[in-house]
Amino acid sequence: MADSDNSRTLSPVTQGDLHSFVMESLPTNPELAARLIAPLDIFNDDLAFTVWREWCEARQRLIEMCLRQQGLETRLVSMVGSPSSAPEAWSVADEEVGYSSALKEERRASAAEDEVAAMLWETPARSSAGAAAKLHAIVTKGQPCVTSDEYPWPQIRAVIADLLRIDAKTSTPPSNTLM
């Protein structure tokens, strides 16, 4: 099931779209998790950006597995109650709904996301967009919620926005003016 996910081809977007994507998701966008898998294909010369895209895919997989596990757990609890109150019934119902299997998949997805995140932290960025992508992953992974106003989350989001503005200014082609 998971093997075929690794062969997906990501469609291209422009550098400006990267800026819009990250800028929109920084402060308060509650749909951040869904947007993490947005197809991006820029800065192929910045390995940090490439690893960030891999992290986005691993993060999305983790979110999907977490939601699946939580849904199955809710179903299981509604069927038989808590595992401590009815351990035998829990085991039988677990076999039926596949909760334990989903829990293992979630743990594997979490380990995979942690592994790619560690690679991302170790990969030097070669552009301000690559550095912004790394910071975006830190914010996404570390803040308690996407709207957190606690230190240092707003400050980190501000640094990401600064990096993206700088990148937008330095990568905008000069206007063709006649002399």
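The values are calculated or read from the model by the stated rules, or taken from the named source; none is laboratory data. All of these numbers come straight from a predicted model, not from anything done at the bench. Here the Cβ positions follow ideal geometry from the backbone for every residue, glycine too, while neighbour counts run over all protein chains shown. Accessible surface areas use protein heavy atoms only, side chains included; no ligands, DNA or RNA. Shrake-Rupley method; radii C 1.70, N 1.55, O 1.52, S 1.80 Å.
Points worth noting:
- Of all positions in the stretch 39-49, at least one carries a residue that is within 19 Å of D167 (Cβ to Cβ), modelled with pLDDT under 50 and open to solvent by less than 40 Å² (accessible area, probe 1.4 Å).
- Pairs, first more than 20 Å from K141 (Cβ to Cβ) and among the hydroxyl-bearing types (S, T, Y) in the stretch 157-173, second at pLDDT 80 or above and not in a helix (DSSP H, G or I), C-beta under 9 Å, six or more apart: S171/S127
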